[in-house]
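The values are calculated or read from the model by the stated rules, or taken from the named source; none is laboratory data. Because the structure is a prediction, the values reported are computed rather than measured. As a convention, Cβ positions derive from the backbone with ideal geometry for all residues, glycine included, and neighbour counts pool all protein chains shown.
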Amino acid sequence: MCSSPSARRCQSPSPCGTVRTATATAARWSATGTNLCLNREPPRNRHPKPLISYSTMTTDSLSRRDFIQRSGLAGAGLAAAQMLPLRFLQAQTTGAAANPLAVYPNRDWEKLYRDQYAYDHAFSWVCAPNDTHNCRITAHVRNGVIVRLGEEFDVASYSDLYGNRATSSWGNRHCAKGYTFHRILYGPYRLKHPIVRKGWKRWADAGFPELTRELKALYKFDTRGTDKFERITWEQTFDYIARGTVAIAKRYSGDTGAKLLQKQGYVPEMIQEMGGAGTRTIKMRGGMGLLGVMGKYGMYRLCNSLALLDVHVRGVKPAEARAGRIWSNYTWHGDQAPGHPWVHGLQNSECDFNDLRFSKLIIMNGKNLVENKMADAHWFIECM
């Protein structure tokens, strides 16, 4: 069978057992309009007529001049063959070079591949996104820039205050998001300085007037996405946050604030619970503490410290001051199961994902472990 129309020998059996080149066969078939067949050849003469007869080959005269010329070409070819590089392919003596790699010429190209993973120093950090895993990652730094992120392989040495140790099964849990976090850090779309919406800034500079229909249109509160942002300094940022917080506490305090809340649709039970303190209208969501105790619980501390602002705004005693409202995951915020604590007494934390590998039956409802709990998905996969 001919696999390609090259100078390769055709393997198709011919009637006379003669082997022909695939190129010549394809050329003759193309001239006759016959498609190339890989299984058989078209019929041909069993004994084709030779192109040159034997008598012609034996009776043709060869002049003395032609003989000398052809003999000279043959001799030159033999002499040139002695100079070809192929004659040096014979075994050579290595001499003192016991290790050929030690004397191999021009190995600088290997340095290119080694330098790809070279680094000046490394440090450990914790990746603590919303999935609550807190994976430890090693950052490798070169020239002051994180070039890659890697695993921490000492998970089996972790222990708590009671001496309980983890196992190596808890290691190598990082996901692709954690491994590429430095791309976000150095990405072109990362916000590197404070910005504020221009309409909101104009409203704040005007003293936070009550937003009527006309003022909402003026400061673009009713045309989301049409306004532009303006860069400000960190000092301006802190000042605007403080002034806005004070303005909210003043506006919704006392009887005037209660009437305004009623006008905005607050139910009477909520207004009564606020007790005339405008600070109670400020809701802060710290999030889940496992995502970062200092950062997340720091928001709750700030919310509680608004009681100091209430003392300043309403002039009440510290014992009568009221702070802001905590917007927890199970109550105001509601991104967790609000009914779970009422039924089980716990905030759905009585089961850990590492118990999945010992389960005989797992029922999931609205949960995709492989994509939404990537670092814990291996516990689920191990039980299969």
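Which of the following residues is surrounded by 14 or more Cβ atoms within 10 Å (Cβ to Cβ) and of a type in the set (A, V, I, L, M): ALA204, ALA176?
Details: ALA176 fails: surrounded by 14 or more Cβ atoms within 10 Å (Cβ to Cβ).
Checking each option against the conditions leaves just ALA204.
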Report summary line: Residues of region 265-308 being closer than 30 Å to ASP255 by Cα and β-branched (Val, Ile, Thr), in sequence order, are VAL267, ILE271, THR279, THR281, ILE282
Query raised in the report: Within region 182-195, is even one residue over 31 Å from the mean Cα position of the chain (by Cα) and assigned to a helix (DSSP H, G or I)?
Result: no
Report summary line: When region 182-194 is checked residue by residue, the ones that are of a type outside the set (Ser, Thr, Tyr) and either modelled with pLDDT under 95 or exposed (fewer than 14 other Cβ atoms within 10 Å of the Cβ) (or both) are HIS182, ARG183, ILE184, LEU185, GLY187, PRO188, ARG190, LEU191, LYS192, HIS193
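Could you list all residues from region 275-298 that are more than 29 Å from PRO194 (Cβ to Cβ) and in contact with a Ser or Thr (Cβ under 7 Å, 6 or more places away or on another chain)?
Quick first cut of region 275-298, residues more than 29 Å from PRO194 (Cβ to Cβ) only: 275-277.
Once the filter is applied, which keeps residues that are more than 29 Å from PRO194 (Cβ to Cβ) and in contact with a Ser or Thr (Cβ under 7 Å, 6 or more places away or on another chain), region 275-298 yields GLY276, ALA277.
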Report summary line: Just one listed residue, out of LYS283, LYS263, is closer than 25 Å to LEU211 by Cα and surrounded by 12 or more Cβ atoms within 10 Å (Cβ to Cβ), and it is LYS283
Query raised in the report: Has region 246-260 got at least one residue that is part of a loop (DSSP other than H, G, I, E, B), surrounded by 14 or more Cβ atoms within 10 Å (Cβ to Cβ) and either out of contact with any helix residue (DSSP H, G or I) (no Cβ under 7 Å at 6 or more places or on another chain) or free of Cβ contacts under 8 Å to residues at least 40 places away in the same chain (or both)?
Result: yes
